[in-house]
Amino acid sequence: MNLRQMIERQQQILDAARTAGRGMTAEEIAEFESLQRSIDAARAAGSSGTPDGGNGAAAGAAAGTQQRGGEEGSEDGEADTQEAQRAVQMERQRIQTISDLCREFGMESRSFIENGTTAEQMYRAVVEHQRATGQPIQTGAHITDSAEDKFRRAAVDSLLMRGNVSVDNPADGARQMMGMSLRDLAIECMIQDGTNESGLNRKSADDIFSMMQRAFFTPEAAFPSILDNAIEKAYKEGHRKVAVTFDRFTKKGSLADFKTHDNYYVAGPVGEFLEVPENGELKHDSFKDAKLPSRKLKTYGRQFTLSRKAFIDDDISLVVSLPARYAASARRTINKQVYGILLNNPKIFDGVALFGKEHKNLLKTGTGITQEAMQTMIMALSNQKDQFGQSIIINPATIVVPSGMQFEMYTLFNSPTINTEGNTQAVNPLYQYRDRLEVVEDPTINAMCGGLGKKMPWFLIGDPGDCDGIEVDYLNGQEIPNIRRMEVPGQLGLVWDIYLDWGISVMDFRGMVKNPGVEVNTKLELE
């Protein structure tokens, strides 16, 4: 196998791993390193000019033959070989960095090498490992930032600031880089990656895009890494800032897989203690249990693309604002699904509608915000019984209303006195609840009921510590969407997947009371 064939074989190994979306296996790494040793030996023998016995002469001849073949080959072939060599070198550097860090901090390196972990991700994994194990970083052992790391952080923060995403303590140089277009940033990244092609600054944005897109298949390429980090920070910011209310009256849960979890039981009450007369026998007691509803996760997501046109047009909003909007959309989708359960009144685990006479949690006639309605709903909540017919105490905690009702709620709970039928002042019995009840107002109810002028229900929710209600489960408790870059050959753009796993379950009906409500309107005349 001559020099060119060995390099091509290394490139085949890298391509196979990338196509499968993984790092190299142990066998591939071993073959990769063996080929590299042979390549290094062949080059050394070919450049020394002094044969070292028969084997050295053969290696020198092979190297010389390879050199003549390269000179006679086309320019495209030479470019491919150089690109392959750069990819090989960067892969070797990645493996070496991971191996050194894992050896220094007592971690197993194989999984990180095989799953394609980058050097930057490895640094973060080391910090997380030290934090999780409670081990301080040893004296003299420091993870320092290279010039490349500092450049990438500054580039990420500059993209975020250009996209109007707030950045606390921007990295050094970030503000100076805000004037760079995506084309200029891609050129700077290719220079950072070692591209020595002359005339980069004279190339059009379309040419740079084509070169940059090929770099997406190269490990450790700077530009895709910068985009990934900018997008990740942007969508986390969008997830954090989105205005939703479902998590103020639902429970957050966690499931470890996508199987249906239906093996949950609640133990019933034990019997009361009975008097035992002298020489009498203790009576045997048995208790029952009741099955709880099942829980199951589903996956929701979207895909978006930084297109060739957006790159050429320097449309920075697609890099930062679009991912933030998708992350916010994930939270709004959950919010809408939770309110869909409250408004659509579906059948739940016992085969009966969530709100109804069977569950004793639905007012027969809808009302506005009145003292009588509020007292009735509190009494309905506090007179529920558990699965075994035992009285339970459920304290009211949250009132969920459509937009436009919160004003009346404020008056109802914050006035010490009320007017009676005889126009006299009396103590307001609901005044004692002013600091115990949270009012949650959400226009999602208005939108799902058809807007102002339509009949809109409202709800009283019990304290989650007293009872179960609606639970939102996430895969392993992760409520921030996942995002990953997809390498799609033949597509004129850079593609990212954004997805999240969640499931919404009604765990119990006893902690919720529904008032069918009345028409919600405004005194303003709207066209």
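Numbers for the structure displayed
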quantity: Residue match in segment 504-522 (condition: more than 30 Å from Q384 (Cβ to Cβ) and modelled with pLDDT of 85 or more); calculated: no
quantity: Every residue from segment 450-474 that is open to solvent by 40 Å² or more (accessible area, probe 1.4 Å) and touching a residue at least 60 places away in the same chain (Cβ under 8 Å); calculated: L452, K454, K455, D463, P464, D466, D468
quantity: Residue within segment 384-396 that is outside any loop (DSSP other than H, G, I, E, B), over 17 Å from P464 (Cα atoms), at pLDDT 90 or above and not β-branched (V, I, T) present; calculated: no
quantity: Checking N428 against (1) open to solvent by 40 Å² or more (accessible area, probe 1.4 Å); (2) over 36 Å from the mean Cα position of the chain (by Cα); (3) polar (S, T, N, Q), the condition it does not meet; calculated: (1)
quantity: Which listed residue, of D435, D442, is modelled with pLDDT under 85 and acidic (D, E); calculated: D435
quantity: Within segment 291-330, tally of residues that are open to solvent by 20 Å² or more (accessible area, probe 1.4 Å) and over 27 Å from S158 (Cα atoms); calculated: 9
quantity: Within segment 354-364, considering residues that are in contact with a helix residue (DSSP H, G or I) (Cβ under 9 Å, 6 or more places away or on another chain) and in contact (Cβ under 8 Å) with a residue 60 or more places away in the chain, the one nearest to G511 (Cα to Cα); calculated: N361
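Here is a yes/no grid of residues against (1) open to solvent by 70 Å² or more (accessible area, probe 1.4 Å); (2) in contact with a Phe, Trp or Tyr (Cβ under 8 Å, 6 or more places away or on another chain); (3) over 24 Å from V338 (Cβ atoms):
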residue: T367; (1), (2), (3): no, no, no
residue: E372; (1), (2), (3): yes, no, yes
residue: K385; (1), (2), (3): yes, no, yes
residue: Q390; (1), (2), (3): yes, no, yes
residue: I393; (1), (2), (3): yes, no, yes
residue: T398; (1), (2), (3): no, yes, no
residue: M405; (1), (2), (3): no, yes, no
residue: M409; (1), (2), (3): no, no, no
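The values are calculated or read from the model by the stated rules, or taken from the named source; none is laboratory data. Note that the structure is a prediction, hence the values are computed from the model and not measured. Positions of Cβ are backbone-derived with ideal geometry, glycine not excepted, and every protein chain shown enters the neighbour counts. Accessible surface areas use protein heavy atoms only, side chains included; no ligands, DNA or RNA. Shrake-Rupley method; radii C 1.70, N 1.55, O 1.52, S 1.80 Å.
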